[in-house]
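Here is the structure we will look at.
The values are calculated or read from the model by the stated rules, or taken from the named source; none is laboratory data. This one's a predicted model, so the numbers in the text were calculated from it and none came from an experiment. Neighbour counts are summed over all protein chains in view; Cβ atoms, including those assigned to glycine, are modelled from backbone coordinates with ideal geometry.
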Amino acid sequence: MKRQAGSGCGRSRRRGNLHLLLGSLLVVGVVILALVGPLLSPYSPREQVLARSNRPPDGEHWFGTDSLGRDLFTRTLYGARISLGIVLAVVLLNLCIGLPYGALAGWYGGLVDLLLMGVLDVLYGVPSLLYIIFFLVILGPGLTGVFITLGLVYWLDLARQVRNQVLVLKEADFVLAARALGLGPWQIFWQELLPNMLPPLAVTLLFHIPQAIFLEAFLSYLGLGVQAPWASWGALVAEGVANMRSAPWQLFFPAALISLTILGFNLLGEGLQQLTRDD
Amino acid sequence: MFMYLARRLGVSLLVLWLIATITFLLMHSLPGGPFTGEKRLPEAILKNLEDRYRLGAPLWQRYRAFLGNLVRFDLGPSYRYLGKDVNQILAEAFPVSATLGVLALALAFGLGIPLGIQGAVRQGSFFDQLIVIFTALGMSLPTFVLAPLLLYLFALKLGWLPPALWGGPAHLLLPVVSLAVLPTTLVARLVRGSVAEVLPAEYLTLARAKGLAEGVVLNRHALPNALIPVLAYLGPLAAGVLTGSFVIERVFALPGLGEHFVASIYNRDYGLIMGVTLFYSTLLVGLNLLVDLLCACLHPRFALLHRRGGGY
């Protein structure tokens, strides 16, 4: 029985490593493309050359051109910069809200915990996507709106996770030792609690990234995201869908890049999750 | 148990009130009101419009009227489709969306549960690897990518299925499948995980020791426990299908509520946006409540687990 469990563990570790490898290859590849690609391209993502509109992919335009004659390769990579940039900022903003919120609730417990978690319970009940769309329609579409609304979605999960972890960890002997040494809550949090919460927190953050990519692309697809002439991935897909009959490549390339990026982050998250579970 | 039920009911009512209030305040924080467009309307017309939609009264009076209407399920007028109110549009369009959504969820459970069980029972086998790959791919394809691709392949290139509009079962196939892929993969993953978790349990060994056939052990003893998390997941799943339907109905030109919602975003038809948001929110909140109550009845420990601000 014991040997069986051991071998199962090894298998999941091997699978975790494979996921990590594939995931990081995809993610690093996309990030390098997003950073370096636009520099190598001789075309501007905004310059319209109507004479070369709707050209299929060839040696000159690797991904073809769009209906206004803009090079799709350049636009897709600029889109990657915009999408990934928004997502990174959004995930960090959520961390900045969720971490202190959860830590406060977990550390002080009692009435503070009851109050903070009650608020969380109510917020959990609100269907977030509908309200993101509603906010964006009212506030007006655009980068700031997307940033603010997406910044307020994922901290709920984080806060709950951090609170549950702090609740357990604060009873640990090493925290008692730190208290006995006269460390304040602030120092205990940074030096003792946070390092111990980091691996599961990293997994959660990694899983939030593909979700945020998904959501940002969805909002741009609805026309509520970054506005023309700039385009994030979702807007490119929306344009591609409109021209699907005559110029299918305008759909294929942005669609493929979004899916590969989401796949990469999903694999990375899963690999990391399996590794941390084994430890 | 009773405390849990009462608490869940209370929270749900609080959520509904919060949603209504946020919606109301946002709607009325619009600079200049819903009729300020690119073209400036003459004063007299604006005045008439505001009287028609009762925008002139003080805020708290309008808030009271708004809540009163809501309690009577009157979601107010559309600001774009003249003479129609949101309730009429809901009555026309929601059946289409509901058909799509229910069929997609049924497909997701009908396919995802057996796939997940097989994956868990034959862990590490070739079949299991296939499921893992399928779910990883399914989770990485956003609906707005998958639906146009399927449309392109099966309707435009191969010509097997109609590309759009609302008609017979053939018209339903592509939209339902594109809507169901993501929930199917999520259900399959969830079932695979939760079945794998209960498989080593001692009560299953006991059931086998009693001489029960493997199929009976699985169906009668393992599944009832393993499927509770799946039931609990119905709420988020329904929310996901809802989001998907916004895209699907647009791509396949279906006359559903999602299409109206997205069109109302483009038209800035604030009345309709507000109405649909409130309607769908209430639906989701109600569904979540129902699922939680059902879970608590089926599995009393569920209520215990969630009593203190959620233990997951």
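Worth pointing out:
- When region A:121-132 is filtered for residues that are facing another protein chain (nearest Cβ under 7 Å), in a helix (DSSP H, G or I) and hydrophobic (A, V, I, L, M, F, W, C), the ones remaining, listed by number, are A:Val122, A:Leu129, A:Leu130.
- Residues in region A:244-256 that are at pLDDT 80 or above and within 15 Å of A:Asp66 (Cβ to Cβ): A:Pro248, A:Trp249, A:Gln250, A:Leu251, A:Phe252, A:Phe253, A:Pro254, A:Ala255.
- Among residues of region B:8-23 being surrounded by 14 or more Cβ atoms within 10 Å (Cβ to Cβ) and in contact (Cβ under 8 Å) with a residue 60 or more places away in the chain, the one that is farthest from B:Leu75 (Cα to Cα) is B:Arg8.
- Checked against the criteria, A:Val137 does not count as part of a helix (DSSP H, G or I), without any contact (Cβ under 8 Å) to a residue 40 or more places away in the chain and either under 27 Å from the mean Cα position of the chain (by Cα) or closer than 20 Å to B:Leu242 by Cβ (or both).
- Subset of region B:86-128 [in contact (Cβ under 8 Å) with a residue 12 or more places away in the chain and more than 27 Å from B:Ile228 (Cα to Cα)]: B:Val86, B:Asn87, B:Ile89, B:Leu90, B:Glu92, B:Ala93, B:Phe94, B:Val96
- Among all residues of region A:65-88, there is at least one that is basic (Lys, Arg), at pLDDT below 85, surrounded by 13 or more Cβ atoms within 10 Å (Cβ to Cβ) and assigned to a loop (DSSP other than H, G, I, E, B).
- Filtered residue count, region B:135-168, keeping only those that are within 12 Å of another protein chain (Cβ to nearest Cβ) and part of a helix (DSSP H, G or I): 20
- Restricting A:Leu114, A:Leu93 to those that are exposed (fewer than 15 other Cβ atoms within 10 Å of the Cβ) and aliphatic (A, V, I, L, M) reduces the list to A:Leu114.
- Those helices (runs of 4 or more DSSP H) of region A:165-279 in which 1 or more residues are away from every other protein chain (no Cβ under 14 Å) and touching a helix residue (DSSP H, G or I) at 6+ places or on another chain (Cβ under 8 Å) occupy A:173-180, A:185-188, A:194-221, A:249-278.
- A:Thr144 passes every criterion in (1) under 18 Å from the mean Cα position of the chain (by Cα); (2) surrounded by 19 or more Cβ atoms within 10 Å (Cβ to Cβ) apart from (2).
- Yes/no for B:Pro114 being away from every other protein chain (no Cβ under 11 Å) and assigned to a loop (DSSP other than H, G, I, E, B): no
- For region B:251-258, the criterion of being in a helix (DSSP H, G or I) and without any contact (Cβ under 8 Å) to a residue 40 or more places away in the chain is met by none of the residues.
Matching residues to (1) at pLDDT 85 or above; (2) closer than 19 Å to B:Thr243 by Cα:
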position: B:Tyr266; (1), (2): no, yes
position: B:Val276; (1), (2): yes, yes
position: B:Tyr280; (1), (2): yes, yes
position: B:Val285; (1), (2): yes, yes
position: B:Ala296; (1), (2): no, no
position: B:Tyr312; (1), (2): no, no
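- Set side by side, the residues B:Val187, B:Val181 differ, and just one is surrounded by 23 or more Cβ atoms within 10 Å (Cβ to Cβ), without any contact (Cβ under 8 Å) to a residue 60 or more places away in the chain, under 27 Å from the mean Cα position of the chain (by Cα) and closer than 18 Å to B:Pro236 by Cα, which is B:Val181.
- Residue that is farthest from B:Leu49 (Cα to Cα), among those in region B:259-269 that are surrounded by 22 or more Cβ atoms within 10 Å (Cβ to Cβ) and in contact (Cβ under 8 Å) with a residue 40 or more places away in the chain: B:Glu259
- On the stretch given as region B:180-189, residues that are among the hydrophobic types (A, V, I, L, M, F, W, C) and more than 14 Å from chain A (Cβ to nearest Cβ) total 3.
- Taken over region A:28-57, residues that are at negative phi, assigned to a loop (DSSP other than H, G, I, E, B) and surrounded by 13 or more Cβ atoms within 10 Å (Cβ to Cβ) amount to 10.
- Every test in (1) on the phi > 0 side of the Ramachandran plot; (2) more than 10 Å from chain B (Cβ to nearest Cβ) is passed by A:Gly140 save one, and that test is (2).
- Region A:143-161 - residue that is aromatic (Phe, Trp, Tyr) and out of contact with any Cys (no Cβ under 9 Å at 6 or more places or on another chain) and, of those, farthest from the other protein chains (Cβ to nearest Cβ): A:Phe147
Quick grid of which residues meet (1) over 19 Å from B:Val145 (Cβ atoms); (2) at pLDDT 80 or above; (3) of a type in the set (A, V, I, L, M):
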| site | (1), (2), (3) |
| --- | --- |
| B:Ala209 | yes, yes, yes |
| B:Ala213 | yes, yes, yes |
| B:Ala232 | yes, yes, yes |
| B:Gly240 | no, yes, no |
| B:Thr243 | no, yes, no |
| B:Val247 | no, yes, yes |
